[in-house]
Each structure stands twice: as C-alpha cells, then as structure tokens.
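The values are calculated or read from the model by the stated rules, or taken from the named source; none is laboratory data. Please read all numbers here as calculations on a predicted model, not as lab measurements. Using ideal geometry, Cβ is built from the backbone for each residue, glycine included, and neighbour counts are taken over all protein chains shown.
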Amino acid sequence: MTRVVGATAHPYALPLVRPWVAARTTLAVRRGLLLALTAEDGTVGWGDCAPLPSSGAAGHARVFDAVGGAARTLAGRDTGVLLADESDLSPVPEVRWAIETALFDLEARRAGLPLCQYLLRMPSERVRFERDARRVAVNAALGQLDAGCADRAEAAVTQGFAVGKIKVGVGAIDEERRALDTVVERTQGRLWIRLDANRAWPEADARRVLDSLIGLPIDGVEEPLADPTPAVLARLQADLPFPLAVDESLPVLGGDALLEAGAVRRLVVKPARVGGIRATLELAIKAQAAGTDVLLTSVVDSAVGVAAAAHLAAALPVEGDVHGLATLDWLARDVASPPAIVDGALILPAGPGLGLVPEGQPAQG
C-alpha cells in the first residue's frame with residue numbers, strides 16, 4: 001500500500017447522440033466528475049462520480065460538493081487504511097463509489113494487474129476461482145419502443161447481442177404492447193428482450209402487462225410497479241416464467257429484505273447507488289446464496305464509470321450473466337477511449353487497473 005498525496009476532481013458534461021428516455025426522466029447531457037487520486041510514487045487512480053439524472057441540478061450539486069469535501073480529507077492518508085474501512089470514505093454512496101474505484105484502480109495499477117484480476121484475489125467469502133475475465137456479456141441498449149426500435153433490435157442481432165433492453169412505461173400500454181410485438185416479429189426469436197418499466201405501472205396494469213408477455217422471448221422485466229413492496233413483487237413473480245427485477249427500488253427496499261421475501265429473481269445493481277465495489281460484492285454473495293441473479297448496469301456513464309463496473313462484473317461470484325453496460329455509444333464524446341464491444345461482449349482493456357486513462361492525462365506504465 002502507499003500514501004495518497006493528491007486528490008483532484010475533474011468535471012465533465014457529455015452530450016448524448018440522442019435523448020435517453022425513461023418513464024420518469026429524459027437525459028440529453030451526462031454530467032459528472034472524475035476523481036483522480038495520486039500516490040507518492042506518481043501512480044494515479046481514477047473514479048467516476050455521476051449522480052442519477054433524476055436527482056436534478058440540486059442533487060448533482062450536493063453530490064459534487066460531497067466529492068470536494070471528501071477529496072480534501074484524502075491527501076496524506078494511507079491507501080491501506082482507506083480501503084480497510086469503507087465507512088471512512090463518505091456517507092454518500094456515489095462519492096464512496098468514486099473514491100473506492102480510484103483507490104482500487106491505483107492499487108491494481110501498482111500491482112500491474114487489471115482491476116478485475118486484482119478484485120478476484122481479494123479475501124472474500126466466495127468460492128475462489130480463475131477464469132478469463134476479459135469478456136463481459138452485455139445487453140444492447142435499444143431505448144424506448146418508438147418507430148425505430150425494431151430496426152435497432154435487428155441491428156443488435158447482427159452485432160452479436162443475445163439480449164436487448166427496451167424502456168417501457170413511457171407510452172400507452174396497448175401502443176407499447178403492439179410495438180413490442182413488432183420487435184419480436186422482426187427479430188424472429190434471435191433476441192431475448194429485457195424490459196425496464198422504471199416503476200411506471202400500478203399493480204393492476206403491471207399484472208395485465210406481465211401476463212400478456214408469457215410465451216414471448218422475455219429475458220426479464222425490471223421495476224414493473226409504481227409502488228413496489230417485497231410482498232407484492234413476490235406475488236407477481238410467483239406466477240411468471242421470467243424474472244422480475246428491481247433496480248432503483250433496491251436501495252429503498254433493501255437487498256436483505258428483498259432476498260428474504262423471495263421478491264424477485266434478479267437484482268439490477270448500479271454500484272454507485274449501493275455504495276461501491278465491496279458493497280456490490282457483498283450483495284452478490286448474498287444473492288448467489290439465495291438463488292437470485294445480480295446484473296450490473298449504468299445510466300449512460302462515462303468510459304471510466306463503465307470500465308469500473310465492467311471490471312467489477314467480471315469479478316462477481318457467478319459468471320455468464322448479461323449485464324447492462326453497453327451504453328457508451330449513446331455518448332457523442334467521452335472522457336476516454338471506451339472499451340470495445342464485440343459480439344455482444346464488452347472487452348476489458350488489457351492494461352493494469354481500469355486499463356484506460358482519461359484524455360489529456362499522461363499514460364502510466
């Protein structure tokens with residue numbers, strides 16, 4: 001371990017190629033901060049802090065202020081001490097994710113290991129294993145069920161994706177249902193469909209939609225309920241052949257409560273929302289024991305944020321899941337050269353740590 005001698009924040013505003021539309025928000029520019037932690041030997045670790053778009057300008061300002069406050073406490077601290085107690089990093093989950101990522105990136109670079117391999121060597125309760133962790137299967141991000149969705153779905157098939165994710169709950173139920181039939185017809189069973197309603201429907205509407213999906217190539221449905229509880233989710237899940245999933249409800253309802261109730265068969269995790277790398281690994285271990293899938297996802301995060309989540313996905317205790325990290329092509333520009341996606345898999349950079357360096361920053365050996 002080493003000592004942190006510098007901590008700096010680098011704001012960014014990344015325009016999107018086209019608006020990212022969900023049930024409760026529309027995103028045109030992705031705003032965030034990159035956190036750089038410099039060790040006494042000159043090694044720099046990077047983390048990404050990008051609050052959820054739905055938090056608004058005031059929410060972004062609060063989180064960015066918290067990054068600045070936390071950064072002022074890091075200089076002169078030992079990385080081993082900081083990594084030993086995550087509660088000492090920040091009470092704000094998005095800030096803790098950025099700091100923890102930067103610390104792990106820094107240490108992985110110093111060890112000469114890709115971040116995923118560094119994480120796989122950490123002491124843990126999970127079964128130890130070795131695998132080729134350079135490929136992380138990802139779903140195609142198809143946007144909402146508009147007139148171009150079927151074309152995007154066909155393109156995803158030709159690009160080698162096995163799963164495509166579609167935002168629903170944006171328009172009228174019957175109109176979206178007809179549009180979904182068009183997508184299924186055009187892809188002819190070659191693409192599994194993952195739907196995300198972003199808490200759009202009351203229970204009766206959710207039941208009607210979910211029942212209508214039985215028999216289609218549905219990979220799963222995220223956040224179908226406008227007012228979810230573990231009990232109601234469990235009641236819906238019991239009659240369905242495909243997984244229900246929670247995403248934005250996870251920090252509200254709590255992972256332990258959801259797992260205890262058998263509420264859903266899938267947890268969709270934004271590592272920044274649950275508080276970082278170790279919190280995500282701990283949740284994944286509990287979910288594995290309960291027979292529940294864990295998928296990592298991003299909300300059009302920067303290349304640094306997506307690379308960090310992809311390395312973490314590669315270190316989860318179960319391999320083979322399809323994660324929601326193929327969002328980088330929604331950005332008109334980025335903070336660094338993004339990882340490539342080939343045949344439906346994100347290819348992790350081969351270098352140490354995250355394997356990438358933000359533009360305008362010196363390369364590290």
Listing of helices (runs of 4 or more DSSP H) fully contained in the range 264-346 that carry 3 or more residues being surrounded by 24 or more Cβ atoms within 10 Å (Cβ to Cβ), out of contact with any Lys or Arg (no Cβ under 7 Å at 6 or more places or on another chain) and aliphatic (A, V, I, L, M): 303-314
Any idea how many residues of the range 342-365 are β-branched (V, I, T) and at pLDDT below 95? 1
Flag for V268 being of a type in the set (V, I, T), touching a helix residue (DSSP H, G or I) at 6+ places or on another chain (Cβ under 8 Å) and touching a residue at least 40 places away in the same chain (Cβ under 8 Å): yes
Taking the conditions exactly as written (out of contact with any helix residue (DSSP H, G or I) (no Cβ under 7 Å at 6 or more places or on another chain) and closer than 22 Å to T26 by Cα), does A200 satisfy them or not? yes
For the range 11-30, which positions are within 18 Å of the chain's Cα centre (by Cα) and more than 26 Å from G148 (Cβ to Cβ)? none
So in the range 6-35, with the set limited to residues that are within 15 Å of L82 (Cβ to Cβ) and either at pLDDT below 95 or among the small types (G, A, S) (or both), which one is surrounded by the most Cβ atoms within 10 Å (Cβ to Cβ)? A7
Here the residues within the range 36-60 that are farther than 18 Å from G351 by Cα, within 17 Å of the chain's Cα centre (by Cα) and at pLDDT 90 or above are D48, C49, A50, P51
Going through the range 140-155 one residue at a time, which ones are in contact (Cβ under 8 Å) with a residue 60 or more places away in the chain and crowded, with 22+ Cβ neighbours inside 10 Å? A140, A141
Matching option when the condition is at pLDDT 95 or above, of a type in the set (A, V, I, L, M, F, W, C) and part of a strand (DSSP E or B), among A102, A108, A140: A140
